[in-house]
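See below for the structure under consideration.
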Amino acid sequence: MSSDVIDLAGAADVRAANRRLQGRQGAVAGGRFEVLNPGGAHALAAGLMDDVEVVIRGPVGYYCAGMNKNATVRIEGAAGVGLAENIMSGEVRVTGNASQSAGASGHGGLVVIEGDAASRCGISMKGVDIVVGGSVGHNSAFMAQAGRLVICGDAEDGLGDSIYEAQIFLRGAAKGLGADCVEKEMRPEHEVQLAELLARAGIDLPASAFRRYGSARSLYNFKVDNIGAY
């Protein structure tokens with residue numbers, strides 16, 4: 001399939017590029033775009049609503065593919081803060097590392113980070129699936145409400161702090177768990193679900209190599225005995 005090429009080293013700026021990607025200048029659903037020389041631009045490919053494919057050949061800055069809905073976005077490089085923030089559906093993939101708050105507040109869709117993710121990955125996630133091929137920084141899945149965070153490497157301190165009903169699958173070691181986050185039984189149905197998610201993400205690892213974490217549900221209602229944990 002031929003691509004509509006947007007070269008940010010030329011006359012195009014990010015606002016104009018986003019208008020094209022968002023379909024405001026004749027783009028149609030099912031189209032394919034190739035963005036060249038992104039140069040760490042912020043908010044690139046944000047607010048996409050249509051079933052389009054966007055390949056960004058290079059590193060991006062803050063909030064790339066934020067609020068994504070239906071689109072498939074692939075970043076060939078690293079991503080700055082807030083990758084795929086508030087994603088609703090579709091897929092966002094970065095081949096390198098991602099900075100803080102990747103997938104924050106995501107409601108749906110799939111975010112794949114082939115490298116490492118920094119702190120607060122999946123903070124306040126509300127249904128998104130996030131798969132990290134490497135390790136994550138501190139306070140990842142903080143206040144995660146729904147969805148799944150899969151970590152193929154290790155996790156820094158505060159993993160799952162104040163977690164609600166989201167699930168965490170960790171292959172490596174956690175430096176420390178956050179308040180109300182506990183290890184849970186990895187039942188056969190969880191292995192099946194995880195295996196399907198790993199396959200979608202293109203990661204060839206056995207689900208049996210992961211441990212599952214979630215909420216102990218002791219912070220759902222205020223208890224004065226738990227005041228130190230709030």
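Some notes on this structure:
- Residue order, fewest to most beta carbons within 10 Å, for 204, 50: 204, 50
- Cα-projected label distance for residue 211 with residue 196, points at 7 Å along beta-carbon direction, nm: 2.6
- Alpha-carbon centroids, the stretch 61-134 and the stretch 177-192: separation in whole Å: 22
- Partner lysines for residue 126 [C-alpha distance under 24 Å; skip if fewer than 8 residues away on the same chain]: 69, 184
- In the chain, helical runs assigned H by DSSP with n ≥ 4 each contribute -39500 (n - 2.57); averaged across all residues and rounded to the nearest 500, the mean residue ellipticity at 222 nm is -3000 deg cm²/dmol.
- Packing rank of 93-99, 189-195, where each peptide gets the mean count of other beta carbons within 10 Å, highest leading: 93-99, 189-195
- The DSSP beta bridges internal to the chain are antiparallel in roughly 15% of cases.
- Answer label for Cα extents along the principal axes in Å (calculated), chosen among (i) 53, 33, 29; (ii) 59, 38, 29; (iii) 61, 36, 25: (iii)
- A Cβ-based charge dipole, computed about the Cα centre of the stretch 4-229 with Lys and Arg at +1 and Asp and Glu at -1, lands at about 340 debye.
- Label separation (residue 154 vs residue 203): 1.7 nm, computed from points 7 Å beyond Cα along the C-beta direction.
We did not get these values from a lab; they are worked out from the coordinates using the rules stated. Since we're looking at a predicted model, the values are computed, not measured. Cβ sites come from the backbone with ideal geometry, for glycine too, and all protein chains shown count toward neighbours.
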